[in-house]
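Everything below concerns the one structure shown next.
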Amino acid sequence: MSVNITLPDGAVRSFDHPVTVAEVAAAIGPGLAKVALAGKVDGRVVDTSHRIEQDARLAIVTDKDADGLDVLRHSTAHLLAYAVKELFPDAQVTIGPVIENGFYYDFAYKRPFTPEDLAAIEQRMTELARKDERVERRVLPRDEAVAYFKSLGEHYKAEIIGSIPAGEDVSLYREGGFEDLCRGPHVPSTGRLKHFKLMKVAGAYWRGDHRNEQLQRIYGTAWASKDELQKYLTMLEEAEKRDHRKLGRELDLFHLDEHSPGTVFWHPKGWTLWQEVEQYMRRVYRDNCYQEVKGPQILDKALWEKTGHWQKYRENMFTTESEKRDYALKPMNCPGHILIFKQGIKSYRDLPLRYGEFGQCHRNEPSGGLHGIMRVRGFTQDDGHIFCTEEQILDECVAYTELLQKVYADFDFSDIIYKVATRPEARIGSEESWDKAEAALMQSLERAGCAFEISPGEGAFYGPKIEYTLKDAIGRQWQCGTMQVDFSMPERLGAEFVAEDSSRRHPVMLHRAIVGSLERFIGILIEQHAGALPVWLAPQQVVVASITDAQADYARSVAKALQKQGLRVQLDLRNEKITYKIREHSLQKVPFILVVGDKEKANGTVAVRARGNQDLGVMALAGFAERVLADIARKA
């Protein structure tokens with residue numbers, strides 16, 4: 001029986017018998033066989049031991065591939081469990097998936113793991129990897145696998161397998177003395193696992209349910225090379241210094257409180273920053289023909305049933321009841337905008353009609369997923385909806401991408417990743433409408449000259465979307481902006497316009513946000529700039545500090561003159577040494593500190609210190625103001 005293997009470059013290798021991925025790699029060359037971690041057979045990632053029994057397309061997966069990195073991390077999670085069982089035989093293993101930049105594994109153990117335990121586990125992982133034990137797969141019937149893991153005392157594994165439908169087989173992977181339930185794939189042997197580090201231990205509930213017993217989750221990271229691992233660890237160190245939660249406290253911007261988990265208490269300086277972002281985005285609305293609207297917070301359950309949210313999104317919604325009617329706090333603004341659109345008769349001449357709202361939304365995120373102001377339950381979006389005809393979709397999407405690029409550049413983000421998220425399994429609307437929507441988004445990015453990736457199945461239940469992801473100063477990625485094409489919701493809620501032929505038609509609805517959640521975006525800004533925000537965003541732009549009481553009146557006049565020009569100024573007349581004042585305001589990352597002593601008072605000047613301990617010398621007040629205003633105008 002002949003088996004033809006088509007390689008990524010189009011070349012075909014023929015074999016007169018079924019062949020494994022490893023054998024194909026060896027036939028191509030010993031160098032490739034040595035670095036092969038897995039194979040991709042007709043788009044599915046498999047072990048190198050996988051037998052190909054009919055014609056297929058094959059790509060050999062190495063550690064240079066994203067799939068290869070996932071295989072490395074998945075296998076390192078198993079290595080972690082192997083090491084834990086060797087050192088702590090009474091520990092029970094549960095689940096250990098790959099996550100962004102690493103992996104974790106959950107364990108049930110009689111006492112908390114300590115930092116010393118973590119170091120010992122990592123050392124044992126290194127020793128096991130050096131043994132270079134083969135990783136072998138076998139398949140068992142479900143019931144036989146349940147009995148096997150019960151015999152090992154692994155009751156969590158047995159419960160997982162017991163939830164699989166009867167009659168199905170399950171796959172197990174063994175390395176040395178450790179065997180684990182897993183779909184795979186895995187590296188051929190443990191010797192491929194060289195560059196990893198365990199990061200921390202955290203609590204986790206069995207199957208993510210707070211009503212279940214608490215487990216211990218060990219997080220780790222794994223990379224293809226020592227340099228990549230070190231680069232990642234260095235980035236984490238830098239990220240810790242930039243942590244918006246830490247800087248939020250130090251700079252007195254906001255705080256979070258258990259009296260209202262998942263929502264933000266903004267302090268005066270933080271709210272000033274918020275207002276700068278919001279007012280900037282309001283100008284974007286105004287300059288691009290958006291009409292700002294405002295919808296209510298609470299809407300009747302019947303509306304959410306019509307939109308499909310009640311069926312598809314119910315678990316994420318906060319609900320309430322009044323006078324025997326059920327309501328939900330809005331998790332998004334779009335249904336309200338449709339209700340506004342429906343007031344009065346709309347003509348094709350009115351389209352495209354663009355609504356914008358700084359709409360506050362609430363989503364019932366699990367407490368374990370909350371993260372500072374980056375992931376919250378109550379947030380405000382720069383939310384916009386464009387009502388248009390099918391023929392207008394393309395132009396609107398192209399214009400939106402260009403607008404988004406300008407906004408991001410003003411906030412000092414120039415590296416943008418574009419992804420088109422296509423139809424998920426659970427969705428509403430016809431296949432024809434999904435075809436049109438996905439094609440329009442892809443064509444809009446092509447016309448805008450943007451290379452993009454496809455994220456299969458990641459679209460919203462009502463339509464596909466473009467995801468705009470920012471890269472920050474230390475290389476992290478943040479998905480912020482979106483553009484979604486929706487044929488379904490306007491029809492479901494009965495939105496119509498009068499077409500040119502006098503017929504009634506449903507508009508297409510484009511859901512769009514540039515910064516997304518303002519809370520999250522401000523957190524990203526804080527971390528992007530390590531708290532040293534550009535002068536146009538800084539809550540306090542200038543501090544005027546006197547050396548002694550003798551300059552108090554002059555300092556007041558300087559501050560007042562700058563305030564009249566629209567600058568945010570703090571006056572510091574405290575009876576403290578000037579060096580103390582300068583240090584304190586420098587720690588607060590104020591862009592400019594103006595020192596005024598007797599000489600400056602006599603000459604009508606100011607001594608200027610810029611952030612970063614830069615002494616800019618003595619300037620006339622008018623000259624300094626001109627400089628700062630120019631910085632603000634160009635978003636410097």
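Bear in mind that the values in this text are calculations on the coordinates, not laboratory data. Bear in mind that the values here come from a model prediction, so they are computed numbers and not experimental data. Positions of Cβ are generated from backbone atoms using ideal geometry, with glycine treated the same way; all protein chains shown enter the neighbour counts.
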If you average the C-alpha positions of the stretch 178-245 and of the stretch 472-486 separately, how far apart do those two centres end up, in angstrom?
24
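Per residue and in cubic angstrom, what volume does the convex hull of the Cα atoms of the stretch 171-226 have?
On the way: hull volume 6.8 nm³, N = 56.
So the per-residue Cα hull volume is 122 Å³.
Using Cα-Cα distances under 8 Å and only pairs 6 or more residues apart, what relative contact order does the chain have, in percent?
Values: 1179 pairs, mean separation 54.2, N = 636.
With pairs under 8 Å counted, the relative contact order is 9 percent.
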Residues Tyr173, Tyr105 in order from fewest to most other beta-carbon atoms within 10 Å are Tyr173, Tyr105
Binning at 10 angstrom from zero up to the longest distance, how are the C-alpha pair distances of the chain distributed in percent?
3, 12, 18, 21, 20, 15, 8, 3, 1, 0
Could you work out how far apart the two model spin labels at Glu86 and Ala409 are, taking each label as a point 7 Å from the Cα in the direction of the beta carbon, and quote it in nm?
5.5
Per residue of the stretch 600-610, in order, report the coupling 6.51 cos²θ - 1.76 cosθ + 1.60 (Karplus, θ = phi - 60°) as ³J(HN,Hα) in whole Hz, putting x for Gly and Pro.
5, 4, 5, 9, x, 10, 9, 8, 9, 10, 9
May I ask you to compute the full-extension gain from Leu616 to Lys110, defined as 0.36 nm times their residue separation minus their alpha-carbon distance, rounded to one decimal in nm?
176.0 nm
Quick one: angle between helix 621-633 and the longest Cα principal axis of the chain, in degrees between 0 and 90, rounded to 10, please.
30
Ordering of 541-551, 184-194 by packing [mean C-beta count within 10 Å, highest first]:
184-194, 541-551
Quick one: if you stick a label point 7 Å off each Cα along the C-beta vector at Ala532 and Lys342, how many nm between them?
5.3
If packing is taken as the average number of other Cβ atoms within 10 Å across a peptide's residues, how do 214-227, 249-262 rank, most packed first?
214-227, 249-262
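Calculate the dipole size of the stretch 476-584 relative to its Cα centre from +1 charges on Lys and Arg beta carbons and -1 charges on Asp and Glu beta carbons; express the result in debye to the nearest 20.
On the way: 14 positive and 12 negative charges, 86 e Å.
So the magnitude is around 420 debye.
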Measuring from label point to label point, each 7 Å out along Cα→Cβ, what is the Leu370 to Asn603 span in nm?
5.4
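Return the tail of the calculated pair distribution for the stretch 498-636, meaning the percent of Cα-Cα pairs more than 28 Å apart.
32
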For the stretch 1-37 and the stretch 559-623, what is the separation of their C-alpha centers, rounded to whole Å?
71
On a C-alpha basis, how far is the centre of the stretch 399-426 from the centre of the stretch 286-317 in Å? Whole number, if you could?
23
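FRET efficiency for Glu321 and Arg211, Cβ-Cβ distance as r, R0 = 30 Å, nearest 0.05?
0.80
Grab the DSSP H runs of the chain that are 4 residues or longer, score each as -39,500 (n - 2.57), total them, divide by all residues and round the 222 nm result to the nearest 500 deg cm²/dmol. Show your work: numbers first, answer last.
Values: 20 runs with 225 residues, N = 636.
Mean residue ellipticity, 222 nm, calculated: -11000 deg cm²/dmol.
Rounded to the nearest 5, what % of DSSP beta bridges with both residues in the chain are antiparallel? Could the numbers behind the result be given before it?
Numbers: 102 of 120 bridges.
If we restrict to bridges inside the chain, about 85 percent are antiparallel.
Indicate, rounded to the nearest 5 percent, the antiparallel portion of the DSSP beta bridges found entirely in the stretch 1-90. Present the calculation step by step, with values, prior to reporting the outcome.
Details: 13 of 15 bridges.
Restricted to the stretch 1-90, the bridges split so that about 85 percent are antiparallel.
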